[in-house]
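The structure appears right after this line, and notes come after that.
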Amino acid sequence: MKRVALALWLVLAAVGARAIDTEAAFPDAERQGRYERWIHELRCVQCQNAAIADSPVGLASDLRRQVREMIAAGQSDAAIKAFMVERYGDFVLYDPPLTARTYALWAAPAVLMLLALGVAVRVIVRRSKATIDSDPEDAA
C-alpha cells in the first residue's frame, strides 16, 4: 500500500514539474485573460503545430515572456500582433489573414476535398460500369 501511495505521489509531482509557464500570474483578471488568449493564439515557430502555451522549447518560452512583458507595459493587442508578425511572419498566427501570400493556405483544404470527391466519383462510376458490363444475366 505504501508503494502505491508513493507511486501516486511521484506521478502527481511529475505533472507539476512539467508546467511550462512558471511566471506569476497578472494581478488583474483582464490582463491575465489577454495573456492566456495570446499564448494560445500564437504558434510556436520551432514546433510548428503547437501553441506557445503548450510548447516546452526555449523559443516558445521567450515568446511567452515577450507577450507577458508587452501586456505588462500596456501594449495593445494590435501592437502585440504587429510585433509578432513583423518578427516571425504570418505563420506565427494560428488564424493568418487572407492575403495574396496566404491564398494557397486558405484554399488548400477546399481544393483537396474537391480532388478527393472527384476521385471518389470516378472510382464509383468505373466500378458500377464494370459491374454492369460483367453481369452474368445479360450474357445468357
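The values are calculated or read from the model by the stated rules, or taken from the named source; none is laboratory data. Because the structure is a prediction, the values reported are computed rather than measured. Note: ideal-geometry Cβ built from the backbone for every residue, glycine included; neighbour counts use all protein chains shown.
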Among residues of segment 32-51, those that are touching a helix residue (DSSP H, G or I) at 6+ places or on another chain (Cβ under 8 Å) and assigned to a helix (DSSP H, G or I), counted: 4
Flag if Arg68 is basic (Lys, Arg), in the same structural domain as Leu93 (by TED's automatic domain parsing) and touching a residue at least 24 places away in the same chain (Cβ under 8 Å): yes
Test: residue in segment 101-108 that is part of a loop (DSSP other than H, G, I, E, B) and of a type in the set (S, T, N, Q): no
Cβ-Cβ under 7 Å pairs, at least 6 apart or on other chains, segment 104-117 side within 15 Å of Phe91 (Cα to Cα), far side not in a helix (DSSP H, G or I): Leu105/Pro96; Trp106/Leu98
Residue under evaluation Gly74, criteria (1) small (Gly, Ala, Ser); (2) surrounded by 11 or more Cβ atoms within 10 Å (Cβ to Cβ); (3) outside any helix (DSSP H, G or I), criterion not met: (2)
Ser55, sole failed condition from (1) modelled with pLDDT under 90; (2) out of contact with any Ser or Thr (no Cβ under 9 Å at 6 or more places or on another chain): (2)
Some residue of segment 115-132 being outside any strand (DSSP E or B) and closer than 21 Å to Asn49 by Cβ: no
Only one of Tyr103, Tyr94 that is modelled with pLDDT under 90 and within 23 Å of Gly33 (Cα to Cα): Tyr94
From the options Asp95, Asp54, residue that is of a type in the set (D, E, K, R), surrounded by fewer than 14 Cβ atoms within 10 Å (Cβ to Cβ) and not in a helix (DSSP H, G or I): Asp95
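Conditions (1) exposed (fewer than 12 other Cβ atoms within 10 Å of the Cβ); (2) touching a His at 6+ places or on another chain (Cβ under 6 Å); (3) hydrophobic (A, V, I, L, M, F, W, C), marked per residue:
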site	(1), (2), (3)
Ser61	no, no, no
Asp90	no, no, no
Thr102	no, no, no
Trp106	no, no, yes
Ala110	yes, no, yes
Lys129	yes, no, no
Count - residues of segment 85-118 that are over 18 Å from the mean Cα position of the chain (by Cα) and of a type in the set (D, E, K, R): 3
